[in-house]
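**Student:** I'd like to ask you about the structure that follows.
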């Protein structure tokens, strides 16, 4: 029986992860860390001086953040490589900027998440500076206040890193063909985006600024849910756990940070179109595809041959 390393035991305890997570990490996450080391070593000599950028894609509730934490610790403790983790969630536009976008472009852009609601230029600048081994401060977005925290509270990254893990639900996504946007994919698009202006603008963002951001990714990992229904169920489970943890807190905090079932359904609809599109097109081009089953466990890992 394989021995779970101390650093992994500590993470499981700190994050209150299920007992079986150790076996999962040994079977899938640590081998992926070894693959990242191999990908790093396979690059042309010119590129070796810059950190390898690994994109980690996955719909809501698939475990992107946990995977990224495990990979960073595995690379540090098992391979002596330093990492910076950038979440696309921390690149959200400020609440005021999204309000302006909602007033000038479409009301649905007030809700964070879809392409168009991130500060893409800041993301490009961060990754380019890290590639040049310059010191940066990594932004932090506070979802409880739906706004970016003050810059003085950002995370300092003062020393050069070997690997950049860039994680997020739409990381690496491609734009759809414009013709495919004509038919609404759910009741939100049908009732609140009747002229397709919202989804068209988001798609144009993917084809433009986001394409430049995602072109900085050297290798792509995808955590793939079995279907979109699982995404909703897993996200609902997360919300219920959050509700339990905050049961003893004041009602104002709860009402601001926790959604009821109807609010959650509407929220998830914002991501449905792009999530379904990524399910369709991304698995074939991912360098590592981690397939999740209905029980929220990784069933198998598929690596590309390139």
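**Student:** When you go through 61, 116 one by one, which is the residue that is farther than 23 Å from residue 211 by Cα and crowded, with 20+ Cβ neighbours inside 10 Å?
**Tutor:** Within the list 61, 116, the selection yields 61.
**Student:** Now a separate question. Could we say that residue 199 is closer than 30 Å to residue 287 by Cβ, in contact with a strand residue (DSSP E or B) (Cβ under 6 Å, 6 or more places away or on another chain) and touching a residue at least 24 places away in the same chain (Cβ under 8 Å) here?
**Tutor:** Taking the combined requirement at face value, the residue does not satisfy it.
**Student:** Let me ask another. With the structure loaded, tell me whether residue 67 is over 21 Å from the mean Cα position of the chain (by Cα), closer than 20 Å to residue 10 by Cα and surrounded by 19 or more Cβ atoms within 10 Å (Cβ to Cβ) or whether it fails that test.
**Tutor:** Against the criterion (over 21 Å from the mean Cα position of the chain (by Cα), closer than 20 Å to residue 10 by Cα and surrounded by 19 or more Cβ atoms within 10 Å (Cβ to Cβ)), residue 67 does not qualify.
**Student:** Please tell me if residue 266 is touching a helix residue (DSSP H, G or I) at 6+ places or on another chain (Cβ under 7 Å), at pLDDT below 95, more than 28 Å from residue 179 (Cβ to Cβ) and surrounded by 14 or more Cβ atoms within 10 Å (Cβ to Cβ).
**Tutor:** Taking the combined requirement at face value, the residue does not satisfy it.
**Student:** Inside the range 111-189, counting only strands (runs of 3 or more DSSP E) that do not spill past its ends, which hold 2 or more residues that are farther than 19 Å from residue 69 by Cβ and in contact with a strand residue (DSSP E or B) (Cβ under 9 Å, 6 or more places away or on another chain)?
**Tutor:** Filter on the range 111-189 gives 136-138.
**Student:** Can you tell me which residue in the range 198-239 is nearest to residue 102 (Cα to Cα), limited to those that are touching a helix residue (DSSP H, G or I) at 6+ places or on another chain (Cβ under 7 Å), at pLDDT 95 or above and in a helix (DSSP H, G or I)?
**Tutor:** 198
**Student:** Quickly run through the range 42-56 and pick out the residues that are at pLDDT 90 or above and not in a strand (DSSP E or B).
**Tutor:** Matches in the range 42-56: 50, 51.
**Student:** May I pose another question? What is the number of the single condition among (1) in a loop (DSSP other than H, G, I, E, B); (2) modelled with pLDDT of 95 or more that residue 62 does not meet?
**Tutor:** Unmet for residue 62, out of (1) in a loop (DSSP other than H, G, I, E, B); (2) modelled with pLDDT of 95 or more: (2).
**Student:** Being surrounded by fewer than 16 Cβ atoms within 10 Å (Cβ to Cβ) and either within 20 Å of the chain's Cα centre (by Cα) or closer than 13 Å to residue 75 by Cβ (or both) is true for just one of 23, 19, 38. Which residue is that?
**Tutor:** On inspection, the qualifying residue turns out to be 38.
The values are calculated or read from the model by the stated rules, or taken from the named source; none is laboratory data. Because the structure is a prediction, the values reported are computed rather than measured. All Cβ positions, glycine included, derive from the backbone under ideal geometry; neighbour counts span all protein chains shown.
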